[in-house]
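The values are calculated or read from the model by the stated rules, or taken from the named source; none is laboratory data. Keep in mind the model is a prediction, meaning the values are calculated, not measured. Quick reminder, even Gly has a Cβ in these numbers, built from the backbone with ideal geometry, and neighbours come from all protein chains shown.
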Amino acid sequence: MAAQLQATRTHGIDKNVWTELVQLVSQYQPVNLGQGFPDFAPPQFIQDAFCEALKGGPMMHQYTRGFGHPRLVESLARFFSRVVGHQIDPWEEVLVTVGAYQALFTACHALVVIIEPYFDCYQPMVQMAGGRAVFVPLRPKAGGGAVRSSGDWVLSAEELSSSFTPRTKAIIINTPNNPLGKVYKPEELQLVADLCVRHDVVCISDEVYEWLTYDGAQHLKIASLPGMWDRTITIGSAGKTFSATGWKVGWAIGPQRIMKHLRTIHQNVVFHCATAAQEAVARGFERELQLLGTPESYFQQLPAMLHPKRQKLASCLEGVGLQPVMPEGGFFMMADISSVELESSEQSAEDQPTDFRVVRWLIREKGLAAIPVSAFYGPEHSKEFDKYIRFCFIKEDSTLDSAADILKRWSHERSNRP
Ligand code: PMP
Ligand code: GLN
């Protein structure tokens, strides 16, 4: 019985894009614009905060409060009370998790609507929780010529509303979105909010890239819309916030009536996260609270640092005929690979999605890693979107330059081919 349940819960999700591509990257050592992590050190202040935490006495090396280190839940509550317009209770309304991954895992249950493209772990998490995912895709606006910005990818209001049924328990949204870079506009969030209220549905809002927006795009928390605090779980990640993905500190923030269920799952799965890392993240937020809105704030410095990198990658992709979709937020960029013709071995693997074939070939033959975008779609729509691959630009300029050299050489070869 247990084995049977186990088999249904894990059926078809034993492999994922990360396990395969991280392995290929370690084998071929390409220039890596694949998995999303900075290839530079986190800012000095947060490294110092971790070192100080480690030297902060014996208790920094022992268990702390299971639902979140007191200093961290207090600083998260203080910080996010400012941005969400609700006085957050640190003891009842904040849960610290092992990365945003675990926050998502504790939040996923029952029948869940997922907007595509979505961060790929949502569907397996819903399945493991015994639920079922229903997918609604964002699509490039029809009839507008070449689509150049992630803002041109939109939801169909009819498609979204018809995906809600009396059994729907939750919807997961991700803004700024990975892999597309879309930053939801107020009216788009309002559409989601209205449906949540009408159908009494919980909104799981993955906002791990909340500080990273460009060209005037503004991140809005759906929890701050009227009637939404009480039905939203907002998820964040210190990995993205402070460029320290290896620390695996995340959080879920929401109303007590929902958070009590997440706490029950948390206490029976991991119980507790690394103390010193939480202490360091608390110190980081305390600093940011003081600097909020000033040019010294890391939350202003990081997008300012990434903006030229985004330009660099976009011009390079454009220059080699891989039309980029300009992201309004986050640190990923999708590029259209329709113009690419595959060579020999990969051409034969025709049962495989085109983007996977291109990415494997790029890693092996050209020494450049990217991520296939169809991995961010459910089975119904993945074929429709396998003409895109995703590049990560939170990388040193030298890494981006090496990637550009590879892409230029490849484009030259393509144009010289008989
Ligand atoms: N959500 C999104 C949209 C992501 O891109 C990621 C990847 N980091 C996560 C959640 C997981 O975050 P963490 O590394 O903090 O577990
Ligand atoms: N969020 C990161 C990305 O999208 C890392 C994902 C992972 O390593 N599982 O690339």
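Pro140 meets the stated requirement of being surrounded by fewer than 21 Cβ atoms within 10 Å (Cβ to Cβ) and either under 22 Å from the mean Cα position of the chain (by Cα) or away from ligand 1 (no atom under 16 Å from the Cβ) (or both).
The one condition from (1) closer than 13 Å to Ala100 by Cβ; (2) within 16 Å of ligand 2 (Cβ to nearest atom) that Leu212 does not meet is (1).
Per-residue answers, yes or no, for (1) under 24 Å from the mean Cα position of the chain (by Cα); (2) free of Cβ contacts under 8 Å to residues at least 60 places away in the same chain:
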| residue | (1), (2) |
| --- | --- |
| Gln352 | no, yes |
| Asp355 | yes, yes |
| Ser398 | no, yes |
| Ala404 | no, no |
| Ser411 | no, no |
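The set of residues from the range 164-183 being crowded, with 18+ Cβ neighbours inside 10 Å and more than 16 Å from ligand 1 (Cβ to nearest atom) comprises Phe164, Thr168. Please determine whether any residue of the range 148-163 is farther than 24 Å from Leu220 by Cα, in contact with a strand residue (DSSP E or B) (Cβ under 7 Å, 6 or more places away or on another chain) and modelled with pLDDT under 95. Scanning the range 148-163, I find no residue that is farther than 24 Å from Leu220 by Cα, in contact with a strand residue (DSSP E or B) (Cβ under 7 Å, 6 or more places away or on another chain) and modelled with pLDDT under 95, so the answer is no.
Which condition breaks for Glu52 when tested against (1) closer than 27 Å to Asp397 by Cα; (2) more than 16 Å from ligand 2 (Cβ to nearest atom)? Against the list (1) closer than 27 Å to Asp397 by Cα; (2) more than 16 Å from ligand 2 (Cβ to nearest atom), Glu52 comes up short only on (1).
Checking each residue in the range 184-238 for being in contact with a helix residue (DSSP H, G or I) (Cβ under 6 Å, 6 or more places away or on another chain), within 16 Å of ligand 1 (Cβ to nearest atom) and not in a loop (DSSP other than H, G, I, E, B) picks out Cys203, Ile204, Ser205, Ile222, Thr232, Ile233, Thr234, Ile235, Ser237, Ala238. In summary, helices (runs of 4 or more DSSP H) completely within the range 15-103 and bearing 1 or more residues that are closer than 30 Å to Ile204 by Cβ, touching a residue at least 60 places away in the same chain (Cβ under 8 Å) and in contact with a Leu (Cβ under 6 Å, 6 or more places away or on another chain) occur at 70-84. If the condition is being closer than 30 Å to Cys316 by Cα and β-branched (Val, Ile, Thr), then the range 9-63 contributes Val17, Thr19, Val22, Val25, Val31.
Of all residues in the range 269-308, those that are part of a loop (DSSP other than H, G, I, E, B) and not acidic (Asp, Glu) total 10. Evaluation of Arg65 against the conditions (1) surrounded by fewer than 19 Cβ atoms within 10 Å (Cβ to Cβ); (2) in contact with an Asp or Glu (Cβ under 9 Å, 6 or more places away or on another chain); (3) of a type in the set (D, E, K, R) shows that the sole unmet condition is (2).
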